[in-house]
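For reference, the structure discussed in these notes is given below.
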Amino acid sequence: MADRNAAVRKYLTEMIGTFVFMFAVIGIVLGGSECVAATALGIGAVLMVMVYASGHISGGHLNPAVSIAAYLRGALPLGDLGPYIVAQLVGALAAFGVGFGLWHDKYSTGTLDLSGAVWPAFLAELVFTFALCYVVLHTATSKDSAGNSFYGLAIGFIVTVGVVAVGAISGAAFNPAITFGLMLSGVFAWKFLWVYLLAQVLGAVVAAYAYKATSLDDHTAPRHEHTAARRG
């Protein structure tokens, strides 16, 4: 029963964290700010605080790509992978639903059209999803960095950099759950879903094996052991 309760807490934490992250992203994107720096800092900041808020419970993935990378790295049990992804997608769906009450008049407008720029967008999403997952694995799952207090900053800032660098090319999602929410709200076009998902999953896979190739610590300890060590 204790294990079951712990599992439910992890899934609920992932759902809540992704909900807040997605809700903020929708508001920031639909707010229409012309300042790229403000948009990037806002998105990076909300991710950072939600990673800090949820990291000690679930690992603070808030991203199916990160969960895939963590599983391949050996930091997330296979039995948790599916529930994590479902919880993250439910969180994004809930954010879209709640956001409808605030921004419904802006939904389904200004769709980002990747026509003629599919491969640049694919490459942009691939590179920065890889970078995000690589940073997460090294700062939040490695025993060599266990107990550090900078992991949330590192994760938030790599997304901030990504938004500035490639936001105008792909929309800078780097996250299947965020992609899902932005497609529901009309920011992304559904016909380009494959571009985002393929690039993001591939980036996660490459990051996991790059971590294994560059890390000296073992890669079999589940994520909760590291977060427990951090709490201690």
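The values are calculated or read from the model by the stated rules, or taken from the named source; none is laboratory data. Worth saying up front: this structure is predicted, and the values here are computed from it rather than measured. Backbone-built Cβ (ideal geometry, glycine too); neighbour counts: all protein chains shown. Surface accessibility is based on the protein's heavy atoms, side chains included, excluding ligands, DNA and RNA. Shrake-Rupley method; radii C 1.70, N 1.55, O 1.52, S 1.80 Å.
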* Which whole-Hz ³J(HN,Hα) couplings does region 9-14 yield from phi under the Karplus relation 6.51 cos²θ - 1.76 cosθ + 1.60, θ = phi - 60°, glycine and proline marked x? -> 4, 5, 5, 5, 5, 5
* **Within the chain, helix-based [θ] at 222 nm, where runs of 4 or more DSSP H residues each add -39,500 (n - 2.57), nearest 500** => -25000 deg cm²/dmol
* Structure fact -> Heavy-atom accessible area of H56, protein chains in place, probe 1.4 angstrom, given in Å² to nearest 10, is 80 Å²
* Structure fact -> Per-residue accessible area, 1.4 Å probe, largest first, puts W119, W194, W103 in the order W119, W194, W103
* Asked: Just the accessible area for T111, please: 1.4 Å probe, Å², rounded to the nearest 10?
  -> 70 Å²
* Asked: In region 123-171, what chymotrypsin sites (Phe, Trp or Tyr not before Pro) fall in a loop by DSSP, with at most 11 other Cβ atoms inside 10 Å?
  -> F150
* Under a cut-off of 21 Å between alpha-carbon atoms, report the lysines in cross-link reach of K143, not counting same-chain residues fewer than 8 places apart. => K10, K212
* Over the chain, consider all pairs of different Cα atoms and compute the Kirkwood hydrodynamic radius from their mean reciprocal separation; express it in Å, one decimal. => 17.4 Å
* Structure fact -> Taking only C-alpha positions in region 1-91, Rg and Dmax in angstrom work out to 14.3, 51
* Asked: Going out from 0 in 5 Å bins, what whole percent of all Cα-Cα distances in region 57-128 drops into each bin?
  -> 3, 13, 16, 14, 16, 19, 12, 6, 1
* Structure fact -> About its Cα centre, the chain carries a charge dipole, from +1 on Lys and Arg Cβ atoms and -1 on Asp and Glu Cβ atoms, whose size in debye to the nearest 20 is 320 debye
* Residues with amide H under 5 Å of L112's amide H, sequence separation 5 or more or different chain, H placed in the peptide plane at 1.01 Å from N; which? -> F188, A189
